[in-house]
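J.: This is the structure I have questions about; it appears just below.
The values are calculated or read from the model by the stated rules, or taken from the named source; none is laboratory data. Computed from a predicted structure; not experimentally measured. Neighbour counts are summed over all protein chains in view; Cβ atoms, including those assigned to glycine, are modelled from backbone coordinates with ideal geometry. For accessibility, only protein heavy atoms count, side chains too; no ligands or nucleic acids. Shrake-Rupley method; radii C 1.70, N 1.55, O 1.52, S 1.80 Å.
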Amino acid sequence: MLDRKTQLLYLGRRFYLNGDALAPRPAQRAALAALADARRIAGRALLRGGLLELAHQWYHDGFLHLEHAA
């Protein structure tokens, strides 16, 4: 889940996290767009999208929080 203060925006192939441009690989774009739209995403979708390292960094930076599965 994105932190309440974090903004993940995109337009086409361009993505921005809190105003900083990101350069995701094509395989990562769908998962990032889903995260931006819903502000949360399943861990499996992060893995399939090849976003594990990025998600880990965002977690340490406070941009992303983990939720327990219901």
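J.: Just for the range 43-70: of the residues that are acidic (Asp, Glu) and without any contact (Cβ under 8 Å) to a residue 24 or more places away in the chain, which one is least open to solvent (accessible area, probe 1.4 Å)?
T.: Filtering the range 43-70 for residues acidic (Asp, Glu) gives 53, 61, 67.
Now restrict to residues that are without any contact (Cβ under 8 Å) to a residue 24 or more places away in the chain: 53, 61.
Numbers: Glu53: 162, Asp61: 80 Å².
Top of the filtered list is Asp61.
J.: Same structure again: Would you call Asp20 open to solvent by 80 Å² or more (accessible area, probe 1.4 Å), within 18 Å of Asp3 (Cα to Cα) and either under 12 Å from the mean Cα position of the chain (by Cα) or of a type in the set (Ser, Thr, Tyr) (or both)?
T.: Working: open to solvent by 80 Å² or more (accessible area, probe 1.4 Å): yes; within 18 Å of Asp3 (Cα to Cα): yes; either under 12 Å from the mean Cα position of the chain (by Cα) or of a type in the set (Ser, Thr, Tyr) (or both): no.
Spelling it out, it is not the case that Asp20 is open to solvent by 80 Å² or more (accessible area, probe 1.4 Å), within 18 Å of Asp3 (Cα to Cα) and either under 12 Å from the mean Cα position of the chain (by Cα) or of a type in the set (Ser, Thr, Tyr) (or both).
Here's the yes/no breakdown for (1) small (Gly, Ala, Ser); (2) part of a helix (DSSP H, G or I):
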site	(1), (2)
Gln28	no, yes
Leu35	no, yes
Arg40	no, no
Ala55	yes, yes
His60	no, yes
Glu67	no, no
